[in-house]
Each structure stands twice: as C-alpha cells, then as structure tokens.
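Student: Below are the structure tokens for one structure; questions will follow.
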Amino acid sequence: MTAMTAEAFLSLYVVVLVATALICGAVAVIVWRRQHAPGTSGLIAMMLTQIVWSVSYALQLSPIDRPDPMFYTRIAFLGVVAGTAAFLVFVFQFTDRGHWVTKRTLALLAIEPVLFMAAIYTNDYHHLVVSDYKTGSVFTPAIAFWLHTLYSYSVLITGGVLLTLRVLRTTSIYRKQASLLLIGLGIVVTANALSIAHVNPGPIVDFTPVGFTIAGILNALALFRYRMLDLVPIARDTVMERMKDGVLVLDAENRIVDLNPAAQTLLGMDVTAVLGQQASRLLAPHDDTATRWKDFPADFHDEVVLERNGRRYVDLQITALPERRNARGGRVVVIRDVSGVKRIESELREANDRLRQKLAEIELLQTKLKEQAIRDPLTGLYNRRFLQETLMRELAQATRAQSPLSVAMIDLDHFKRINDAHGHYTGDRLLEALSDLLRSYTRGGDVACRYGGEEFLVVMPGASLEVAATRADEWRRAFAAIKTSTGTTSFSATFSAGVGSFPLHGLIADRLLNAADQALYAAKAAGRNRVMIAERPPAPVLARAPN
C-alpha cells in the first residue's frame, strides 16, 4: 500500500473511531434513561471506557502534535483496562449475580488495572510494557503487556462462561438476550486477536475499540428489545391477570397505577374507580390501622382486616420497587385472602379446647378410678389390694436399708354384738371413727388399711417392735375414749391389736402378717382391749451327729 493510501486509511479509521465514540455516547444516554433493567450500570461504564479508548486512540493516530509519543496511548490504555472490568461487572448484573458486585469485588477488579497503568506511566524507567515505540499503535510489547493480555482474556472468558450458562439454563427470551451478548463478546475477542496478530488490510491499527462498540450495541439491543418489548407484556398478562392473590402497583406517591382482577374482587372496586387514588384510603378500614402502614414502608408484612364486601382477613405484604436516581421508588402490594384459613384456625382452636376439656375429664375419672381401686369406699383408708403391693415394696426397702418395719393388726372387740344391738349404721359409724383416728395418729410414711370387715392393719416403716407396740396402745386408749351416740344412748368401743416386726417375726409378708394375726388372737384370748406383741419364733434346733 502506497504512502498516500496508508495515510488515507488512517484518516478514515480516525473518522471511524470518532463515530464509534459518538455511538458509545448515544448508547450510554439511552441506557441511562432506561436504567431500571439489570446490567445497565455495567453497560454504561463499558460505553464510557470505550469513549475514552476511541477518542484517545483517534488522537494518537491523528497528525496533531503531542507532548510525548505515548501520551494518548497511555490514556487509551486507561479505557482498555477499565473496559474489561466494566464488562465483567455488566455480566454479573445481567446474569442475576448483581449481589457479587460489592466494594470488595470492585477493589479486586481494580488491582490489575492500577498496577498496569502504573507500569504504563513508568515504562520509560523499566520498559516492562513497551520495549520499543514507533508511532500510532506500532510498538514492541514487553512482558507486562502480555501478562495484562492474559488477565484480560481470563476476565473475558469468565464472562463468556457465565453467559453460556445463562443460554443453557434459561427460557427462549433470556436465551436470545444471552446469545446476543455472546456474539458481541466473540466480536471483541476476534477484533483484539487480529490486532495483536497484526492481521490488518492496511497499516497496523487496533480494531478492538470498534469490536467493543459493536458489542455494546448488541448488549443494549439484548437488554431492551427482548426485555422491554417482549418480556414485560408476557409477565403482565400471564402472571398478574391469573394470580389468585391481589396485586397492586403503586407509584412514588403511593397512588394505585395498576391492579389485577383478584385485587379488584378483594377490594370490591373497579379498576377505573381506583386508579390514581391513594392506596391507604382503600386498604385501611380504620384510622388506627392505617397509621401503621400509611407511608407504605419497604418491608411491611402483617395481617389486617378489610370491611369491604363483608369482613375479610387478609395477609398484606408491601415490597419496595428499585429506586431510580436516588428518588423514592414505587411499591408492590400483595393481598392474600386468609379468611378461610382464619375460619379453619378458629374451628381447630375450638376443637382443641373441647379436646382438652375431655382429656381433663378423662384424667379426673382415671384418678377417681385409681383411688377407688386402692381405697375402701366406707372408711377412705387403703384397701387390702393396695396393702399387699405396699407391704412387699416396704419390706424390700427395709431389707436394702437394714432397717426395722412393724405392722399392727387391729380388730374391733365384740363388733358383731354391736351390730346386733345398735344396727349396721352404728357399726359403720364406728368403723369410720376408727379410720379417722388412724389417719390422725399415724405418721406420713405409715400406711393404714382396712384389712377386711372390722379388721385394720397399719404398716409402720422404720418403727421398731417396742415403738410400734407403744403407738398401737396409744391408739387403743384414744379410741376407747370416743363416745358413739345411737340417738337415745351413747357407748364406747374398744379394739384389740397384735404387733409383729421385721425381721424378728418374718422376712416375707405372709409370715409377718401371720405373726401379727397370732398376736391379735392372743390379745382377744387374754380379755380383749389390749395390745400383744407376737412371740419370738423358736430358734432352729440343730441335730448333733452321733459319735
């Protein structure tokens, strides 16, 4: 190519770079005006970096004077290093990974650009970036340049992988968006690879700014064509209209700008009657309730009561829409009718209350039945069944503790004669009087039982034979002092008692009871109204072996 042809080519390319900067500026302005879509901030940053790159590169190729041969090249590299980081931020935001874009992430992405720019501006001292510079974009790259290139391609590949995953995992509309972004990325990589390999139809120039610009145009097309024109109407028709929950969309002044049929039914209003009205007047049935959420906070969730079309319980949730340019955004209000759930909850509470009442009655009956099973119905003392279980347990405890246990067998004297003379009613009163006395005079650990008929038995854990006999004699004297009235006369009765003790008179219940019973018979035989101690059992006689 002749010198004139090369000069004309460079002039034409400068025009292309200026046009590229203008296109990037136009895309940035369009994106700025429609910045509610995800990825817009990253895309705006990309466009701004390409403006810096294209303008500075155009000045570098132009014949104007410059203070230093690499003056505009250094500025162009500022757009190069920042553009790669901006691309990755854009991909994070577009692929629903905007939460990755934190201060820490931005700081990490800034490390390599800062180090590389420092190397660029100090290249004259170490020549680690450019070892030999001629003119325009013709220079001999050094090790730092190749490391930067490797880093940049790693960032671009990371973004490409995320976009590819987006293509594979999403529906057709999102797939079209991500596919356009991948095509743009391929154009950038191809343009940069051709420039580094010096594959050009004319003088050596860098086509990467043009590639980034084409990619930016494709990115903007993917964001707005397939999101704003196709996706939003589909979401509005298929989601809002068919939802069973009421949905209201409010503007920054909390006026209703949209609502679905379910919300119209819940509020009992037509859409034409509520659009533009303050939502607080429509939703709050009482002033004291309205003050809780009249300003529609960003994160409100509570259960409220609506009085329209009958009393309704609704679950009310308010969520803030993204803010725009530091201005307060709108709100989305979701209303779910939970009246049926509240009715079921009320029925369940009533059923649980009835069940608890029935369980309490059953427990009371069980307690009564248990008491009836172990109590004598006339005297209220424990019965013989309970005595058998208790005596065996107490004997086992006395055996382990090596402690005494005594029993007193009590029998009313001449009880049959009293019944015959005064009647069974008087006999029953006499039995009750003895029972009351035993309850009053026995210790907390003692067990007083009605053994059968007019016989009673008192188990005294820890009481020795002498102590048990003394206590039984006290009961005898106290009972003899009681006067029983028959209406016309009064009389007193007595009882006889026999006392046996563990382990002296027996190691098991039957032998102990038999010893006390034998002592009782001895007391009756001796004249009644007395307490007798069971005889000590004879010691076993050991036979001597013959000599």
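The values are calculated or read from the model by the stated rules, or taken from the named source; none is laboratory data. Computed from a predicted model, the values in this text were never measured in an experiment. We place every Cβ from the backbone using ideal geometry, glycine too, and count neighbours over all the protein chains shown. Please note that ligands, DNA and RNA were not included when accessible areas were found on the heavy atoms of the full protein model with its side chains. Shrake-Rupley method; radii C 1.70, N 1.55, O 1.52, S 1.80 Å.
Student: Kindly establish whether Glu454 is in contact with a strand residue (DSSP E or B) (Cβ under 8 Å, 6 or more places away or on another chain), of a type outside the set (A, V, I, L, M, F, W, C) and under 25 Å from Ala433 (Cβ atoms).
Tutor: Values: in contact with a strand residue (DSSP E or B) (Cβ under 8 Å, 6 or more places away or on another chain): yes; of a type outside the set (A, V, I, L, M, F, W, C): yes; under 25 Å from Ala433 (Cβ atoms): yes.
When the stated conditions are applied, Glu454 passes them.
Student: Still on this structure, I have one more. Does Arg471 satisfy the criteria of being in contact with a helix residue (DSSP H, G or I) (Cβ under 8 Å, 6 or more places away or on another chain), crowded, with 17+ Cβ neighbours inside 10 Å, part of a helix (DSSP H, G or I) and on the phi < 0 side of the Ramachandran plot?
Tutor: yes
Student: Open to solvent by less than 100 Å² (accessible area, probe 1.4 Å), out of contact with any Ser or Thr (no Cβ under 8 Å at 6 or more places or on another chain), part of a strand (DSSP E or B) and modelled with pLDDT under 90: is that true of Ile318 in this structure?
Tutor: Taking the combined requirement at face value, the residue satisfies it.
Student: Let me ask another. Among the residues that make up the range 476-490, is at least one of them in contact with an Asp or Glu (Cβ under 6 Å, 6 or more places away or on another chain), under 13 Å from Leu412 (Cα atoms) and either open to solvent by less than 20 Å² (accessible area, probe 1.4 Å) or at pLDDT 95 or above (or both)?
Tutor: No: the range 476-490 contains no residue that is in contact with an Asp or Glu (Cβ under 6 Å, 6 or more places away or on another chain), under 13 Å from Leu412 (Cα atoms) and either open to solvent by less than 20 Å² (accessible area, probe 1.4 Å) or at pLDDT 95 or above (or both).
Student: Can you find a residue that is touching a residue at least 60 places away in the same chain (Cβ under 8 Å) and charged (D, E, K, R) anywhere in the range 91-98?
Tutor: So far as the range 91-98 goes, yes, one or more of its residues are touching a residue at least 60 places away in the same chain (Cβ under 8 Å) and charged (D, E, K, R).
Student: Also: Just need a number here: residues in the range 223-276 that are among the polar types (S, T, N, Q), surrounded by fewer than 16 Cβ atoms within 10 Å (Cβ to Cβ) and modelled with pLDDT of 70 or more.
Tutor: Matching residues across the range 223-276 total 1.
Student: A further question on this structure: I'd like to know if the range 106-124 contains one or more residues that are more than 20 Å from Leu78 (Cβ to Cβ) and more than 44 Å from the chain's Cα centre (by Cα). Steps first, please.
Tutor: We begin by selecting, within the range 106-124, every residue more than 20 Å from Leu78 (Cβ to Cβ); these are none.
No, there is no match, as no residue in the range 106-124 is more than 20 Å from Leu78 (Cβ to Cβ) and more than 44 Å from the chain's Cα centre (by Cα).
Student: Among (1) open to solvent by 50 Å² or more (accessible area, probe 1.4 Å); (2) under 17 Å from Val210 (Cβ atoms); (3) modelled with pLDDT under 75, where does Phe9 come up short?
Tutor: Here Phe9 meets the rest and fails (1).
Student: Could I ask something else about it? Just to check your reading of the model, which residue among Arg536, Arg528, Arg544 is surrounded by fewer than 21 Cβ atoms within 10 Å (Cβ to Cβ), part of a loop (DSSP other than H, G, I, E, B), touching an Asp or Glu at 6+ places or on another chain (Cβ under 8 Å) and modelled with pLDDT under 95? Walk me through how you get there before you give the answer.
Tutor: On the way: Arg536 fails: touching an Asp or Glu at 6+ places or on another chain (Cβ under 8 Å); Arg544 fails: touching an Asp or Glu at 6+ places or on another chain (Cβ under 8 Å).
Arg528 is the lone residue from the list that is surrounded by fewer than 21 Cβ atoms within 10 Å (Cβ to Cβ), part of a loop (DSSP other than H, G, I, E, B), touching an Asp or Glu at 6+ places or on another chain (Cβ under 8 Å) and modelled with pLDDT under 95.
Student: Next question, about the same structure. Kindly evaluate Arg312 against the criterion of being among the basic types (Lys, Arg), open to solvent by less than 80 Å² (accessible area, probe 1.4 Å), at pLDDT below 80 and in contact with a Leu (Cβ under 8 Å, 6 or more places away or on another chain).
Tutor: So Arg312 passes the test.
Student: Just to verify a result, which residue in the range 83-138, among those that are under 30 Å from Gln177 (Cα atoms) and β-branched (Val, Ile, Thr), is modelled with the lowest pLDDT?
Tutor: Thr95
Student: Could you check Ala448 against (1) of a type in the set (A, V, I, L, M, F, W, C); (2) within 60 Å of the chain's Cα centre (by Cα); (3) surrounded by fewer than 20 Cβ atoms within 10 Å (Cβ to Cβ) and say which number it fails?
Tutor: Of the numbered conditions (1) of a type in the set (A, V, I, L, M, F, W, C); (2) within 60 Å of the chain's Cα centre (by Cα); (3) surrounded by fewer than 20 Cβ atoms within 10 Å (Cβ to Cβ), the odd one out for Ala448 is (3).
Student: Here is a follow-up. Scanning the range 384-403 for residues that are open to solvent by 30 Å² or more (accessible area, probe 1.4 Å) and at pLDDT below 90, which turns out nearest to Val447 (Cα to Cα)?
Tutor: The qualifying residue nearest to Val447 (Cα to Cα) is Phe386.
Student: Of Phe456, Phe502, which residue is under 15 Å from Ala519 (Cα atoms) and open to solvent by 10 Å² or more (accessible area, probe 1.4 Å)? I'd like the intermediate steps shown before the answer.
Tutor: On the way: Phe456 fails: open to solvent by 10 Å² or more (accessible area, probe 1.4 Å).
Only one candidate passes the filter, namely Phe502.
Student: Which pairs have Cβ atoms under 8 Å, sit 6 or more apart or on different chains, and link a residue in the range 142-169 that is without any contact (Cβ under 8 Å) to a residue 40 or more places away in the chain to one that is outside any helix (DSSP H, G or I) and not hydrophobic (A, V, I, L, M, F, W, C)?
Tutor: Ala142/His127; Ala142/Ser131
Student: Report yes if Ala493 is at pLDDT 95 or above, outside any helix (DSSP H, G or I) and in contact with a helix residue (DSSP H, G or I) (Cβ under 6 Å, 6 or more places away or on another chain), otherwise no.
Tutor: Details: at pLDDT 95 or above: no; outside any helix (DSSP H, G or I): yes; in contact with a helix residue (DSSP H, G or I) (Cβ under 6 Å, 6 or more places away or on another chain): yes.
No, not satisfied.
Student: With the condition kept exactly as written, say whether any residue in the range 470-480 is among the aliphatic types (A, V, I, L, M) and farther than 19 Å from Gln518 by Cα. Steps first, please.
Tutor: Within the range 470-480, the first condition is being among the aliphatic types (A, V, I, L, M), and the residues that meet it are 472, 478, 480.
Next, from what is left, pick out any that are farther than 19 Å from Gln518 by Cα: 478, 480.
Yes, the range 470-480 has at least one match.
Student: Still on this structure, please answer the following. For the structure I just gave you, tell me whether Ala373 is under 30 Å from Leu457 (Cα atoms), open to solvent by less than 80 Å² (accessible area, probe 1.4 Å) and modelled with pLDDT of 90 or more.
Tutor: Spelling it out, it is not the case that Ala373 is under 30 Å from Leu457 (Cα atoms), open to solvent by less than 80 Å² (accessible area, probe 1.4 Å) and modelled with pLDDT of 90 or more.
Student: Leu348 versus (1) open to solvent by 70 Å² or more (accessible area, probe 1.4 Å); (2) modelled with pLDDT under 85; (3) among the aliphatic types (A, V, I, L, M): which is the lone unmet condition?
Tutor: The failed condition is (2).
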